[in-house]
1. Among all residue pairs at least 6 apart or on different chains, which show Cβ distances below 6 Å where the first residue, located in the stretch 174-192, is free of Cβ contacts under 8 Å to residues at least 24 places away in the same chain and the second is part of a loop (DSSP other than H, G, I, E, B) and surrounded by 13 or more Cβ atoms within 10 Å (Cβ to Cβ)?
2. What about Ile256, is it within 24 Å of Val327 (Cβ to Cβ), among the β-branched types (Val, Ile, Thr) and touching a residue at least 40 places away in the same chain (Cβ under 8 Å)?
3. Return the only residue of Arg55, Arg82, Arg90 being within 24 Å of Ala203 (Cα to Cα) and of a type in the set (Lys, Arg).
4. Among the residues of the stretch 164-212, what is the count of those that are part of a loop (DSSP other than H, G, I, E, B), over 30 Å from Pro245 (Cα atoms) and of a type in the set (A, V, I, L, M)?
5. Do you know which residues across the stretch 96-148 are among the β-branched types (Val, Ile, Thr), assigned to a helix (DSSP H, G or I) and at pLDDT below 85?
6. Can you confirm whether Ser151 is buried (at least 18 other Cβ atoms within 10 Å of the Cβ), hydroxyl-bearing (Ser, Thr, Tyr), assigned by TED's automatic domain parsing to the domain that holds Ser108 and not in a strand (DSSP E or B)?
7. Considering each of Ala162, Ala203 in turn, give the residue that is of a type in the set (A, V, I, L, M, F, W, C) and either buried (at least 18 other Cβ atoms within 10 Å of the Cβ) or modelled with pLDDT under 90 (or both).
Amino acid sequence: MAITSEKRTGRRVGVVVGIACVLAAILVFALAVWRSRSSMPVVQTAPVALQRIQRVTLASGTVRPVARQIVNLDNLPAPVERVLVHVGQRVQTGQPLLQLSTASAAASVQAAQSALQDAESAYQRVLAQYNQAPTALKALFLPQLNAAEASVASARSQLAQAEASKAQLTITATLAGVVLIANPNGVDADGNQTPVVEVASPAKDVVMDLSEVDAAQIKLGMTATMQTDAYPNQTFTGTVTSIAPYAELSSSGAPIVEVTVQPRGSFPVPYGYQLTCRILSRSPSPVPTVPYSAIVQNGTGYAVYQWRNGRVYLVSVKLGLTSDTAVQVLSGVTTGDRVVLNPPDNLVNGEAVRTS
């Protein structure tokens, strides 16, 4: 039976409508995919790479004595009678530095000596009475004799204390060193209070104030090189021997950490001089590192966004040495992992992303 023209026309319309529906579905799907992809954050990633970390810390250091003895006027028990040393003099431990006024102490010693003489005389009188008494009556004198003996012992103790107090009025050196200050008035030419005597040990340290960031890179035993314009064309070396376990606020309000370097060999630079110190921090071998820009604050620690299969995941990391551009990663990610650089503030853990 022949197909009429009306049926053929209907079939053509049906095919066209079907094709249009398929195309529309494809378009809707493509549009949904495009919208989904266009709404994804675009991030840039970099691999965790092995490299040797090296960082140079530059700071100004001040030469200070390893040990010092400072005698201040307001800590002395009596006025200064005379200073027994002069600036630049070398002294030994136990050597007299200051003689304080002994007038009051001498009077106390004399009074204690008189009291002892009186106590001894009283004891001798009681002892004579005891010896002269008949045997049957000696027991009557024992309480008096014991009391007299106790008085003598007490007087001797008081005399020893008075003599010790007088001896303390001679201030002696507690260390061997060089006298830096010898000023009986305890006041300088400008009216500022100064120590009466200051003795510094011959051993010297170089003390630096570092920022928290720089101090975190310094380890005990590291080598420092030091230079000063006062000794041109000379480079001194030293070893980091102390890192303060706390930070203090500088005059500008910034936290600083005190780091001490002990010079090696001959070190003629005087106390108080300034040096430029250079400390090289270097990893002994290549270590896993990430760029600085990948690190984000995570509570009280640090983290990175690790990229895996089109999504990012916030991973806590433990950091080690740092350079100007990279930081060592001790844990959290390993070599070959990819991390997000400069992650946006609104990036969400587990979020799908596109990479540029």
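The values are calculated or read from the model by the stated rules, or taken from the named source; none is laboratory data. Bear in mind that the values here come from a model prediction, so they are computed numbers and not experimental data. No Cβ is skipped: glycine too gets one built from the backbone with ideal geometry, and neighbour counts run over all protein chains shown.
1. If the second residue must be part of a loop (DSSP other than H, G, I, E, B) and surrounded by 13 or more Cβ atoms within 10 Å (Cβ to Cβ), the pairs left are Asp188/Thr194.
2. Here the answer is yes, as Ile256 does meet what is asked.
3. On the way: Arg55 fails: within 24 Å of Ala203 (Cα to Cα); Arg82 fails: within 24 Å of Ala203 (Cα to Cα).
Every option except Arg90 fails the conditions.
4. 4
5. Hits for the stretch 96-148 are Val109, Thr135.
6. It is true that Ser151 is buried (at least 18 other Cβ atoms within 10 Å of the Cβ), hydroxyl-bearing (Ser, Thr, Tyr), assigned by TED's automatic domain parsing to the domain that holds Ser108 and not in a strand (DSSP E or B).
7. So the residue among Ala162, Ala203 that is of a type in the set (A, V, I, L, M, F, W, C) and either buried (at least 18 other Cβ atoms within 10 Å of the Cβ) or modelled with pLDDT under 90 (or both) is Ala162.
A quick yes/no check of all residues on (1) surrounded by 12 or more Cβ atoms within 10 Å (Cβ to Cβ); (2) outside the structural domain of Asn183 (by TED's automatic domain parsing); (3) part of a loop (DSSP other than H, G, I, E, B):
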| site | (1), (2), (3) |
| --- | --- |
| Ala46 | yes, yes, no |
| Ala59 | yes, yes, no |
| Val63 | yes, yes, no |
| Arg82 | no, no, no |
| Val85 | yes, no, yes |
| Gly88 | no, no, yes |
| Gly94 | no, no, yes |
